[in-house]
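Here is the structure we will look at.
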Amino acid sequence: MKSPLLSLPGAVPAEGVDEGVAAHYGDLFREQRALAEGTGFVDLSHRGVVSVTGEDRLSWLHLLLTQHVSDLPTGEATEALILSAHGHIEHALYLVDDGTTVWAHVEPGTQEALIAYLESMKFFNRVEVADRTDEFAVVHLPAGSIAEVPEGVVVRETPYGRDLFLPRADLESYAEKSGPAVGLLAYEALRVEHHRPRLGFETDHRTIPHELGWIGTAVHLQKGCYRGQETVARVQNLGKPPRRLVFLHLDGSEVHLPPAGTDIRLADEGPDGRKIGFVTTSVRHHELGPVALALVKRNVPLDARLLADTTAAAQEVVVEP
């Protein structure tokens, strides 16, 4: 779904899974600084929007999600995952309940598969699941923003800012009042800075929540009875995850960033050494320079110097080994 805000001056379209919104509007670092200072907004209208209504909505979702939501207070934001039977991450949901409806935004293009799974699990519960992507656009206001929120708009308030479920028809008029528009690359740079994983970027077909530090924020350890819970409990109580998320400071003299999927090796073994991980997201940060998130084997020494292909990288711990 192509955003009408791509018609704004300087807009450069994003690519890949983020196609449909602007990567930037002509000045990446200015846009990053605006977000960091609490000004501007980010068009996330390419993300999927799903709603769940009905009096059983919270108790029903509680049985399916990794998060404790049976008593979720009205207006309180939370995150949750859906796992496979083997504990691998399949979906990530960013939720809020407005008193009558649970609203969630999800990765672009994942809403259909999510809804199909939810529909298959309804049984006799009094719930209705709907794809609201055509009706609502997600807009992000950074932490510290004093931008006005239109009356009646559902909001997710988080430490990183507010996510608005804005009627899609109001997107252009909202942009006129709430500028400047900030591109997705700036939003991603701050996400990487804060070590926040993203489904499909930091995850692959075998990722488990412990590897990414999603325990606590998206996984509640004091609840059970959800698919994949046995794996979560076993790793928490008896073992360690096979991989861990790290934050990389990349050599700033390199012209090109190592793209997602770039192999990581120990610097002492050189570019032909054994593979110990891979880059998941790389960005240019307005203060930190070139940085990245990566998944590496758990037993990689914390002080090991790394190579992302041929780019030197120093690691910063995100998930403890």
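The values are calculated or read from the model by the stated rules, or taken from the named source; none is laboratory data. Computed from a prediction, not measured in an experiment: that's the story for all the values here. Note that each Cβ is placed from the backbone with ideal geometry, even for glycine, and that neighbours are counted across all protein chains shown. Surface accessibility is based on the protein's heavy atoms, side chains included, excluding ligands, DNA and RNA. Shrake-Rupley method; radii C 1.70, N 1.55, O 1.52, S 1.80 Å.
Evaluation of GLY10 against the conditions (1) open to solvent by 20 Å² or more (accessible area, probe 1.4 Å); (2) within 30 Å of PHE124 (Cβ to Cβ) shows that the sole unmet condition is (2). So in the range 141-156, with the set limited to residues that are open to solvent by 30 Å² or more (accessible area, probe 1.4 Å) and assigned to a loop (DSSP other than H, G, I, E, B), which one is nearest to ALA104 (Cα to Cα)? Among them, the one singled out is GLY152. ASP131 meets all of the listed conditions (1) touching a residue at least 60 places away in the same chain (Cβ under 8 Å); (2) in contact with a Leu (Cβ under 8 Å, 6 or more places away or on another chain) but one, namely (2).
Within the bounds of the range 192-203, is there any residue that is of a type in the set (Lys, Arg), without any contact (Cβ under 8 Å) to a residue 60 or more places away in the chain and open to solvent by less than 40 Å² (accessible area, probe 1.4 Å)? No: the range 192-203 contains no residue that is of a type in the set (Lys, Arg), without any contact (Cβ under 8 Å) to a residue 60 or more places away in the chain and open to solvent by less than 40 Å² (accessible area, probe 1.4 Å).
Considering the range 12-39 alone, what residues qualify as being assigned to a loop (DSSP other than H, G, I, E, B) and without any contact (Cβ under 8 Å) to a residue 24 or more places away in the chain?
Pass one, the range 12-39, residues assigned to a loop (DSSP other than H, G, I, E, B): 14-15, 19-21, 25-27, 37-39.
Correct list: GLU15, GLY26, ASP27.
Spot the failing condition for ARG284; the list is (1) out of contact with any helix residue (DSSP H, G or I) (no Cβ under 8 Å at 6 or more places or on another chain); (2) in a strand (DSSP E or B), and only one is missed. Failed condition: (1).
Check ASP134, ASP170, ASP163 and return the single one that is in a loop (DSSP other than H, G, I, E, B), under 29 Å from GLY16 (Cα atoms), of a type in the set (Asp, Glu) and at pLDDT 95 or above.
Details: ASP170 fails: in a loop (DSSP other than H, G, I, E, B); ASP163 fails: in a loop (DSSP other than H, G, I, E, B).
Answer to the check: ASP134.
Considering only the range 134-153, state which residues are without any contact (Cβ under 8 Å) to a residue 60 or more places away in the chain and either small (Gly, Ala, Ser) or under 21 Å from SER59 (Cα atoms) (or both). Hit for the range 134-153 is GLY152, nothing else.
State whether the residues of the range 98-106 include one that is aromatic (Phe, Trp, Tyr) and either under 17 Å from ALA218 (Cα atoms) or surrounded by fewer than 20 Cβ atoms within 10 Å (Cβ to Cβ) (or both). Talk me through it step by step, then tell me what you get.
If we filter the range 98-106 for residues that are aromatic (Phe, Trp, Tyr), which is where we start, we get 103.
Within this subset, residues satisfying the condition of being either under 17 Å from ALA218 (Cα atoms) or surrounded by fewer than 20 Cβ atoms within 10 Å (Cβ to Cβ) (or both) are 103.
Checking the range 98-106: at least one residue is aromatic (Phe, Trp, Tyr) and either under 17 Å from ALA218 (Cα atoms) or surrounded by fewer than 20 Cβ atoms within 10 Å (Cβ to Cβ) (or both).
Residue count for the range 21-47 satisfying the condition of being surrounded by 17 or more Cβ atoms within 10 Å (Cβ to Cβ), among the small types (Gly, Ala, Ser) and under 25 Å from PRO259 (Cα atoms): 4.
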